[in-house]
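These notes are about the structure you will find just below.
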Amino acid sequence: MTESQDDVIKTGEQITAIRQQINRVFLGQSEVVDQLIICLLAAGHVLLEGVPGLGKTLLVKALARSIQGADARIQFTPDLMPSDISGHAVYDMKTESFSVRRGPVFTNLLLADEINRAPAKTQAALLEVMQERQVTIEGKPYPVDAPFMAIATQNPVEHEGTYPLPEAQLDRFLLKAHIDYPDAETEVALVSTVTRDRIGDALYVDELQPVLSLEDIKRAQQITATARLDEAIVDYAVRLVRETRATPGMRLGAGPRGAISMVRAARANAVMHGRDFVTPDDVRDIAIPALRHRVALAPELEIEGYRTDDVLSELIERVDAPRQ
């Protein structure tokens, strides 16, 4: 067994430890937890869609605690300014000079809560830091420390007073995860846990044990980026994306970044499961969250009650996967 394989196995064990820590306070929703970790390993960003009150902030705080990282939360509102996100220059009358007050983006895990509540100009303030890992203040670039991941949330039901994200910005997110209501058994356990010996509705994550350091995460990201990838897997991802453009009922198909995102996420999925090579199943596992925000259904399908995930599932079934 090579040293590389040892590293991958160790990383898979570390990810399992992270999962165990998060599950102590964030019950159920294992698929969402996995997708968040996949984005972290792939150095990407995630769009998290779900109704309020399902624990999205708790999930981010639990992940940050598990990796000894810093976290910050921005509540997006119609009056939020770009400088409220990135920071701004402040004039100090005593020294007669300007100093930079850094915004909340200078963190490891950034929760952009209800991102579609702010106008496009403010939403765009996240674009530079998401893509370039830096913020420009008064013409000077300020790098954001790695690892950095933006977790943006939006309510799928309430659309009054919202500003839909443009396609170009949606494309910046590696995955779009759906968080739904828990089942009855999990909800009972959740209510019992949250209300036991707790004052108010504060989020308690201090009891969680940090299992990785930020350096461990950066090392895991390097391992993920070098996971073995056969050309047939790349071809499979591209064929899936191209099929979204040829499928009847699709008003908008995915662009090349869709295939790139699938490959990056598939690598992370493989490493998360302790493998240093990617299989077609890794691509299939993440195809829907990697594509659901990059495509749009035709109005006639929406009227008939079709969901994007339904159409994508049928698409994945009819595209032949390479033999392992």
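Per-residue answers, yes or no, for (1) out of contact with any helix residue (DSSP H, G or I) (no Cβ under 6 Å at 6 or more places or on another chain); (2) under 19 Å from LEU170 (Cβ atoms); (3) not small (Gly, Ala, Ser):
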| position | (1), (2), (3) |
| --- | --- |
| THR226 | yes, no, yes |
| ASP235 | yes, no, yes |
| ARG239 | yes, no, yes |
| ALA246 | yes, no, no |
| SER261 | no, yes, no |
| ALA266 | no, no, no |
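In the condition set (1) within 22 Å of ASP282 (Cβ to Cβ); (2) surrounded by fewer than 19 Cβ atoms within 10 Å (Cβ to Cβ), PRO52 is compliant with all but (1). All of (1) at negative phi; (2) out of contact with any Ser or Thr (no Cβ under 7 Å at 6 or more places or on another chain) hold for GLU96 with one exception: (1).
The sole residue among ARG219, ARG251 that is basic (Lys, Arg) and over 19 Å from CYS39 (Cα atoms) is ARG251.
The residues on offer are ALA232, ALA321, and the sole one that is of a type in the set (A, V, I, L, M), outside any helix (DSSP H, G or I) and touching a Pro at 6+ places or on another chain (Cβ under 8 Å) is ALA321. For the stretch 251-299, the set of residues classified as part of a loop (DSSP other than H, G, I, E, B) and basic (Lys, Arg) consists of ARG275, ARG292, ARG294, listed by residue number. Once the stretch 207-238 is narrowed to residues that are small (Gly, Ala, Ser) and farther than 21 Å from THR11 by Cα, the residue that is most open to solvent (accessible area, probe 1.4 Å) is ALA232.
Taking the criterion of being in a loop (DSSP other than H, G, I, E, B), open to solvent by 70 Å² or more (accessible area, probe 1.4 Å) and either of a type in the set (Phe, Trp, Tyr) or more than 22 Å from LEU312 (Cβ to Cβ) (or both), the residues of the stretch 143-181 that qualify are ASP145, GLU158, HIS159, GLU160, TYR163, TYR181. Restricted to the stretch 182-197, and to residues that are under 15 Å from VAL32 (Cβ atoms) and in a helix (DSSP H, G or I), which residue is least open to solvent (accessible area, probe 1.4 Å)? Per the criteria, the residue is THR186. The single condition among (1) among the hydrophobic types (A, V, I, L, M, F, W, C); (2) under 30 Å from ARG219 (Cα atoms); (3) open to solvent by 20 Å² or more (accessible area, probe 1.4 Å) that VAL60 does not satisfy is (3).
Residues that are at positive phi and surrounded by fewer than 20 Cβ atoms within 10 Å (Cβ to Cβ) do not occur anywhere in the stretch 32-48.
Is one or more of the residues making up the stretch 117-133 open to solvent by 30 Å² or more (accessible area, probe 1.4 Å), under 22 Å from LEU59 (Cα atoms) and part of a loop (DSSP other than H, G, I, E, B)? Scanning the stretch 117-133, I find no residue that is open to solvent by 30 Å² or more (accessible area, probe 1.4 Å), under 22 Å from LEU59 (Cα atoms) and part of a loop (DSSP other than H, G, I, E, B), so the answer is no. What are the residues in the stretch 300-316 that are assigned to a helix (DSSP H, G or I), open to solvent by 50 Å² or more (accessible area, probe 1.4 Å) and in contact (Cβ under 8 Å) with a residue 40 or more places away in the chain, if any? Within the stretch 300-316, just GLU300 meets the criteria. Restricting SER83, SER30 to residues that are more than 29 Å from SER261 (Cα to Cα) and hydroxyl-bearing (Ser, Thr, Tyr) narrows the list to SER83.
Within the group ALA254, ALA246, ALA266, which residue is surrounded by 18 or more Cβ atoms within 10 Å (Cβ to Cβ) and either in contact (Cβ under 8 Å) with a residue 40 or more places away in the chain or more than 25 Å from GLU13 (Cα to Cα) (or both)?
ALA254 is the lone residue from the list that is surrounded by 18 or more Cβ atoms within 10 Å (Cβ to Cβ) and either in contact (Cβ under 8 Å) with a residue 40 or more places away in the chain or more than 25 Å from GLU13 (Cα to Cα) (or both).
Within the stretch 78-101, restricting attention to residues that are at pLDDT below 90, among the β-branched types (Val, Ile, Thr) and under 21 Å from VAL129 (Cβ atoms), the residue that is surrounded by the fewest Cβ atoms within 10 Å (Cβ to Cβ) is VAL90.
The values are calculated or read from the model by the stated rules, or taken from the named source; none is laboratory data. In this text the structure is predicted, and so the values were computed from the model without any measurement. Cβ: placed from backbone, ideal geometry, glycine included. Neighbour counts: every protein chain shown. Protein only, heavy atoms only, side chains kept; ligands, DNA and RNA dropped before computing areas. Shrake-Rupley method; radii C 1.70, N 1.55, O 1.52, S 1.80 Å.
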